[in-house]
1. Taking region 127-138 only, how many residues are within 16 Å of the ligand (Cβ to nearest atom) and either in a helix (DSSP H, G or I) or touching a Ser or Thr at 6+ places or on another chain (Cβ under 7 Å) (or both)?
2. Given the conditions (1) under 25 Å from residue 48 (Cβ atoms); (2) in contact with a Leu (Cβ under 8 Å, 6 or more places away or on another chain), report the number of the one that residue 186 does not fulfil.
3. Can you list residue pairs whose Cβ atoms sit under 6 Å apart, with the first residue in region 134-150 being surrounded by 24 or more Cβ atoms within 10 Å (Cβ to Cβ) and the second being at pLDDT 95 or above and among the polar types (S, T, N, Q)? Count only pairs 6 or more apart in sequence or on different chains.
4. Can you find a residue that is β-branched (Val, Ile, Thr), under 26 Å from residue 83 (Cβ atoms) and in the same structural domain as residue 83 (by TED's automatic domain parsing) anywhere in region 124-135?
5. Looking at region 169-186, is at least one residue assigned by TED's automatic domain parsing to the domain that holds residue 39, more than 16 Å from the ligand (Cβ to nearest atom) and modelled with pLDDT under 95?
6. Within the bounds of region 50-62, is there any residue that is over 11 Å from the mean Cα position of the chain (by Cα), under 15 Å from residue 159 (Cα atoms) and within 16 Å of the ligand (Cβ to nearest atom)?
7. Go through region 47-72 and give me each residue that's closer than 18 Å to residue 125 by Cβ and either without any contact (Cβ under 8 Å) to a residue 60 or more places away in the chain or surrounded by fewer than 18 Cβ atoms within 10 Å (Cβ to Cβ) (or both).
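The values are calculated or read from the model by the stated rules, or taken from the named source; none is laboratory data. Just so you know, these numbers come straight off a predicted model, no measurement behind them. Note: ideal-geometry Cβ built from the backbone for every residue, glycine included; neighbour counts use all protein chains shown.
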Amino acid sequence: MALTQEALRKKYNVFYRRFHEMHAQLIEKGLGNRGHGTDHDMLVAGYCLLIAGDDHRLAEMAWLAAHLHSIDRFFGDDHEKVTAEMLGTAVGVLGYDTPMIAKDPICGIEGDDVSIVLDAVIRHGRRNEDEDSSTLVVLKDADRLANVMPYVIARSGQFQPTLPVIELGYTGTAWHPSSTYKSPRSIHDDLLRCLEWHPDSGTPFAIRTQKAREIGEELFVYLRGWFTLSDKHMKMAGL
Ligand SMILES: [Fe+2]
């Protein structure tokens, strides 16, 4: 049976409380949440548990990583240090400048597993690589599912509030030729890139696990429908 969010929140109660405190502080400073607040991390964490299924060690590692994976959005060059410190509250490691070894294995992970979690958090935004750990594969798939979930349409606008929703002439499945993944010309173009997460996209960003494929099926149908319907009505309006 898969682990539950509730069980892990109890087990890692200090870490979980610190996670919420950190995001509350970011919001207080006017930095949060830009589409990467607690709700996103917790959704990714829930998907991790579903994807990992009966492999509880893997589920636990990916669940921890999910709660840390948005830190890079807020802390710039310090994100690795902050991530390590936060992970330390979960597993009792000594700190960022010391070996990542659990000194009190109160949790199901210890030793090298701590480094694997940290590595997964740091590398979760990169393209798929053969050497990705199981934890990183689960985290990447879970994050990609969250990034095709219907809420992503609003989140994308929150993250890049100065971008136009569309550039006229580039609706449907057409994107502006100068748009890139890191620098889209519109929210439309940003969302269009999310279709690259599809397991059959043939891109190095495709979802890889069978469970994520199953969960994502209806999400991709919905997101594709958003483009199709929007394009239809733009054309109806002569745009
Ligand atoms: Fe994410």
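1. Of the residues in that region, 4 qualify.
2. So the condition that residue 186 fails would be (1).
3. Note: pairs meeting the criteria are 141/209.
4. Looking through region 124-135, at least one residue is β-branched (Val, Ile, Thr), under 26 Å from residue 83 (Cβ atoms) and in the same structural domain as residue 83 (by TED's automatic domain parsing).
5. Of the residues in region 169-186, the ones assigned by TED's automatic domain parsing to the domain that holds residue 39 are none.
No, because not a single residue in region 169-186 is assigned by TED's automatic domain parsing to the domain that holds residue 39, more than 16 Å from the ligand (Cβ to nearest atom) and modelled with pLDDT under 95.
6. Among the residues of region 50-62, not one is over 11 Å from the mean Cα position of the chain (by Cα), under 15 Å from residue 159 (Cα atoms) and within 16 Å of the ligand (Cβ to nearest atom), which makes the answer no.
7. 64, 67, 68, 70, 71, 72, listed by residue number.
Quick grid of which residues meet (1) over 20 Å from residue 41 (Cβ atoms); (2) not polar (S, T, N, Q):
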position: 126; (1), (2): no, yes
position: 133; (1), (2): no, no
position: 137; (1), (2): no, yes
position: 142; (1), (2): no, yes
position: 151; (1), (2): no, yes
position: 154; (1), (2): no, yes
position: 170; (1), (2): yes, yes
